[in-house]
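Quick notes on the structure that follows.
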Amino acid sequence: MTLPDSLFAALRRSAAETPDTEFLRVSGQVFTYREALDRVEATARGLRALGVEPGDRVGIMAGNCPEAVWAWLGANAARAIDVPFNAEVRGRLLDYLVKDAAPRVLIGSPDHLAAVAATSDYDPEVVVPIGERGPDGARPRSRQVPFGELLELGRSSGGDLEPPGPNEIATIMYTSGTTGPSKGVMLPQRYYPGQAGHGDNLFGFRPDDVYYLVQPLFHIDARSYVSACLCFGGVVALGERFSVRDFWNEVREHGATIFGTIGTMLWLLYKQQPRPDDADLPARIAVCSSTPREIMLDFEKRFGIKIVESYGMTECLLITAVPPEETRLGSIGKPVAEIEVRVVDDHDVQVSAGEVGELVYRPCDHFSMMQGYWNKPEETVEAWRNLWFHTGDLVRQDEEGWIEYIGRKKDSIRRRGENVSAWEVEQAAAAHPDVLEVAAIGVPSEVGEEDVAVLVVVAPGADLEPGDLVEFLGEDLPRFAVPRYVEFVDRLPKTPSERIEKRKVRERGITAAAWDANVALGRR
């Protein structure tokens, strides 16, 4: 099958070939391919009628709902750039993201739009609330057009929608910064079909597959399954959020054959009390990252599911994977056929097999990965130095090509599927008047990946309580980035230039003196 140049082209093809076939289940509603195309084209024409032109940004801030799908695909069909903001982001980070993207139109649920209005003084030309209730505290200088009116405006507007080219930017998706602010990853139109094609070559997607996903649509993981469905057929069952109690029942209810997960989710599912029907599941593949090697084989046996371990990032979704017919504990697999990979030292010289180095890669097909960082040309050049994209991740590759993940060179924390910027946590903590110095690190979590910890030097004469600091940080950070641990220390290690030496901080870790929010606040 020839891959289309955009998801809009893929949707048009599917709607022409199988118009009455089910495409999307979400929020208790079902939509066929024909119905999806109607809403996507109406959204696109509505945006055009509001003055949106190719290259304009359309911000989206909402949970998993039908309108979030139509807004994403409709913006792309209008040849605009959709910008999915993390729905949990608040405070200074949200203000930075909105001003950096500068969307001409902002679409979102009333609560999320109200959060933007309360945080940022940026005024988009148009605000599009999802639902009947308008946003509280909305910007008076922004025109208000409810999403239902946007669709009607589009249906009453004429003119054909010219399909976007493969090289046109479809999405700016922000990924956590590591040594600075979050970066907007510019994804071209063909990125989505291209990555779906990579996945099909590995997993063998079927037209009768049902993709169940509970990850949010502002993450690339969730969007990848929608892309696969549009390009190769099937049904997307879109959940609102991950629930340990309901997950398997929803997999059964939807007849899901493929679902995505992360290591933390596997841990939480595995720790549930075994049931006689654990293996009575329709799913054939669980695509996972950071699979805990301690439980992988037993998890597969208990639930009758094949776990496919993969490694990727927003910039390029699928870089390495363990083929479905194989099991390789502790490995992130081999490079997929469409990606060229090397392991290099600090001078970009390829290291020998078995030696630890940084994983760098580049694509073998066109427009299948990110085209740069929005408004950050220097960071783009640095990431692409010597014509290889640098992941900042340390790996070891053996003689047969199998790759083992070692850790990160860059200063970020991986918590429950989210990349947390240590720099952003530190900036938020440093804003507290009683904090003199701070270092944020990741520490091992009992459910896999890491928890966020901060080591804090308190200002002289200050009387700071850990719980008060965490409450303060909760006003500026998304929930997943708020530290679990706070430890007060007398000093932090410094370099000769008086910079905090994070390597030594990470080596030290935290001690029994650290305050634990889970214990103090009675969390589980």
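Rule-based calculations on the coordinates, nothing more; no lab input. Treat the numbers as computed from the prediction; the structure is a model and nothing was measured. Every residue, glycine among them, receives a Cβ derived from its backbone with ideal geometry; neighbour counts consider all protein chains shown.
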TM-like helix rule applied to the chain (DSSP H, alpha carbon span at least 20 Å on the long axis, mean Kyte-Doolittle at least -1.0) gives 33-49
What is the magnitude of the charge dipole of the chain about its Cα centre, with +1 placed on the Cβ of each Lys and Arg, -1 on the Cβ of each Asp and Glu, and no other charges, expressed in debye to the nearest 20? 220 debye
Which one of 218, 344, 156 is farthest out on the positive end of the charge dipole of the chain, using unit charges on Cβ (Lys, Arg +1; Asp, Glu -1) and the Cα centre as origin? 156
Where only alpha carbons of the chain are counted, the Rg and the Dmax (Å): 23.0, 72
Rank 201, 488, 263 by how far each Cα sits towards the positive end of the charge dipole of the chain (+1 on Lys, Arg Cβ; -1 on Asp, Glu Cβ) and give me just the farthest. 201
Test of the criteria: in the stretch 379-480, which GluC sites (Glu not before Pro) are in a DSSP loop and have at most 10 other Cβ atoms within 10 angstrom of their Cβ? 399, 400, 446
The stretch 236-390, dipole about Cα centre (Lys/Arg Cβ +1, Asp/Glu Cβ -1), debye to the nearest 20: 500 debye
Filtered pair list for the stretch 264-413 (Lys only, Cα < 24 Å, 8 or more apart or interchain) has a length of 8
Counting other Cβ atoms within 10 Å, keep those with at most 14, restrict to DSSP loop, and tell me which GluC sites (Glu not before Pro) in the stretch 257-356 are left. 294, 325, 326, 355
Let me have the relative contact order for the chain, percent, based on Cα pairs under 8 Å that are six or more residues apart. 12 percent
Using the reciprocal of the averaged 1/r over all distinct C-alpha pairs, how large is the Kirkwood radius of the stretch 340-447 in Å? 16.3 Å
Whose amide H sits under 5 Å from the amide H of residue 451, counting only residues 5 or more places off or on another chain, with H placed in the peptide plane? 443, 445
Among the trypsin sites (Lys or Arg not before Pro) within the stretch 78-161, which fall in a DSSP loop and have no more than 16 other Cβ atoms within 10 Å of their own Cβ? 133, 141
Largest-first principal axis extents, alpha carbons of the stretch 242-408, Å: 55, 37, 25
Run the reach check for residue 494 against lysines, Cα to Cα strictly under 16 Å, same-chain hits fewer than 8 apart removed. What comes back? 502, 504
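If we count every other residue with Cβ under 13 angstrom of residue 413's Cβ, Lys/Arg +1 and Asp/Glu -1, where does the sum land?
Overall, the nearby charge balance is +1.
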With +1 on each Lys and Arg Cβ and -1 on each Asp and Glu Cβ, how big is the dipole of the stretch 304-423 about its Cα centre, in debye rounded to the nearest 20? 460 debye
Taking only C-alpha pairs under 8 Å that are 6+ residues apart, what is the relative contact order of the stretch 92-244 in percent? 14 percent
